[in-house]
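The values are calculated or read from the model by the stated rules, or taken from the named source; none is laboratory data. Predicted model, so just to flag it, every value in this text is computed and none were measured. In this analysis, Cβ positions are derived from the backbone assuming ideal geometry, glycine residues included, and neighbour counts consider all displayed protein chains.
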Amino acid sequence: MSVEQFGIMPDGTAVERVTITGGGLSAKILSYGAILQDLRLEGHAKPLVLGFDALEDYFTYKAHVGATAGRVANRIRDGRFELGGKIYQLDINFAGKHSLHGGTKGIGLRVWNFDKIDTNAVHMSLQLADGEMGYPGNMTIKLVYTLLDNGVLDLDMKATSDADTLCNLAHHGYFNLDGEGDILDHELQIDSDRYLDVTAELIPTGKILSVDGQSVDFRKKKSIRSAHDIKPIDNNFCIEETAGSLRRVATLSSPKSGVSMDVLTTEPGLQAYDAVNLKAGMPALDGGTSGPCGGFCLEPQIWPDAIHHPNFPSAVLKAGETYHQQTQYAFRKV
């Protein structure tokens, strides 16, 4: 375990980096955005995630690389919603009219506190003020990264609010199990037979579609390329109607490196994104570069824009109640 300064925010706030080890994994986590900056598996020298060696690159390349997204991850249509008979106008930061990942000062763009650091775990927290980015309620978010036995990265997220509000957190890591190049020849399997219909701006229409006959039918393992070449992947897969117990929902694997990753979560949805919009020549760890499809996002979460769709799992967090998500990424190398 180690703690070091990683950089300085424009306002002078120091950003720290913590390194933890355990279970054959080593992880580096930033106080900025609760970002998973680097993740390595014993016996596999290259990074498993996209990250930057310099803090400034996180400001330049606005792709939430490795960050924790919220207080509501994904999109909210028109950046507004009604709750308890009141209309709330949110910060607009997507397509000129929608709100994405909590707005321009969402939790993935804020400096968190390191509350406790152990050899294999780091406890973090963030306070959000009532009205911040338009959301009601003073909110406290607590996040614990833990490296468990047998190559498991565990994320435990909790949130409370003193007023009824919305809460939907998501880890926005970009995984590349080769540590270089693109992920198009990675193989993907997802335990879901449904996904959300969306508009051209990726706003859910409310329709739930079957994966039968679609490029995004990943019920049986297949290459990401086989789907991407038909249509780039940026889809929310419907796992359950409500949050439940921890269960495996997806597996990403690389025939080239022999590394595979199981995704386990309590969440009812899984956003899958092939990172087609990353910029060519984007910096990467160890002085490398990345670009379009340089990583793959598997983001457990409540279905996006749930507040506008009563048939979706609810993202409402009642005052005094606790939001809780547990997600695990389990790695192995054959």
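Okay, here's what the table says:
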| item | result |
| --- | --- |
| Asp191 being under 19 Å from the mean Cα position of the chain (by Cα) and closer than 21 Å to Glu267 by Cα | yes |
| Any hit, the stretch 113-125, residues being over 12 Å from Leu166 (Cα atoms) and touching a Gly at 6+ places or on another chain (Cβ under 7 Å) | yes |
| Subset of the stretch 6-53 that is in contact with a helix residue (DSSP H, G or I) (Cβ under 9 Å, 6 or more places away or on another chain), closer than 22 Å to Gly181 by Cβ and of a type outside the set (Val, Ile, Thr) - its residue that is surrounded by the most Cβ atoms within 10 Å (Cβ to Cβ) | Leu50 |
| Subset tally (residues that are touching a Phe, Trp or Tyr at 6+ places or on another chain (Cβ under 7 Å) and over 23 Å from Tyr61 (Cβ atoms)) for the stretch 262-294 | 4 |
| When residues of the stretch 146-166 are limited to those that are acidic (Asp, Glu) and part of a strand (DSSP E or B), the one farthest from Arg40 (Cα to Cα) | Asp156 |
| Qualifying positions in the stretch 62-71 - part of a loop (DSSP other than H, G, I, E, B), of a type in the set (Gly, Ala, Ser) and surrounded by 24 or more Cβ atoms within 10 Å (Cβ to Cβ) | Gly66, Gly70 |
| From Ala272, Ala306, residue being among the small types (Gly, Ala, Ser), touching a strand residue (DSSP E or B) at 6+ places or on another chain (Cβ under 6 Å) and farther than 19 Å from Glu180 by Cβ | Ala272 |
| Flag if Asp115 is under 14 Å from Ala34 (Cβ atoms), under 18 Å from the mean Cα position of the chain (by Cα) and of a type in the set (Asp, Glu) | no |
| Hits in the stretch 295-334 - residues which are polar (S, T, N, Q), within 19 Å of the chain's Cα centre (by Cα) and either over 18 Å from Tyr88 (Cβ atoms) or not in a loop (DSSP other than H, G, I, E, B) (or both) | Gln301, Gln325, Gln326, Thr327, Gln328 |
| Evaluation of Gly96 against (1) in a helix (DSSP H, G or I); (2) of a type outside the set (Val, Ile, Thr); (3) at positive phi (one fails), failing number | (1) |
| Tally of residues being in a strand (DSSP E or B), surrounded by fewer than 18 Cβ atoms within 10 Å (Cβ to Cβ) and among the small types (Gly, Ala, Ser) across the stretch 105-145 | 1 |
| Among (1) buried (at least 21 other Cβ atoms within 10 Å of the Cβ); (2) part of a loop (DSSP other than H, G, I, E, B); (3) more than 17 Å from the chain's Cα centre (by Cα) - the single one Gly213 does not satisfy | (1) |
| All positions within the stretch 168-181 that are outside any strand (DSSP E or B) and either crowded, with 23+ Cβ neighbours inside 10 Å or under 19 Å from the mean Cα position of the chain (by Cα) (or both) | Leu169, Gly173, Tyr174, Asn176, Leu177, Gly179 |
| Selection within the stretch 295-321 - in contact with a Phe, Trp or Tyr (Cβ under 8 Å, 6 or more places away or on another chain) and farther than 19 Å from Ile87 by Cα | Gly295, Phe296, Cys297, Leu298, Glu299, Ile302, Trp303, Phe312, Pro313 |
| Hey, Thr165 within 20 Å of Leu100 (Cα to Cα), surrounded by fewer than 16 Cβ atoms within 10 Å (Cβ to Cβ) and not aliphatic (A, V, I, L, M) or not | no |
| For Ile87: the one exception among (1) outside any loop (DSSP other than H, G, I, E, B); (2) within 14 Å of Leu166 (Cβ to Cβ); (3) in contact (Cβ under 8 Å) with a residue 12 or more places away in the chain | (3) |
| Thr205 in contact with an Asp or Glu (Cβ under 6 Å, 6 or more places away or on another chain) and either closer than 25 Å to Leu155 by Cβ or assigned to a loop (DSSP other than H, G, I, E, B) (or both) | no |
| Counted residues, the stretch 99-139 - those being more than 22 Å from Lys62 (Cβ to Cβ) and touching a His at 6+ places or on another chain (Cβ under 7 Å) | 2 |
| Yes/no for Pro304 being modelled with pLDDT of 95 or more and surrounded by 18 or more Cβ atoms within 10 Å (Cβ to Cβ) | yes |
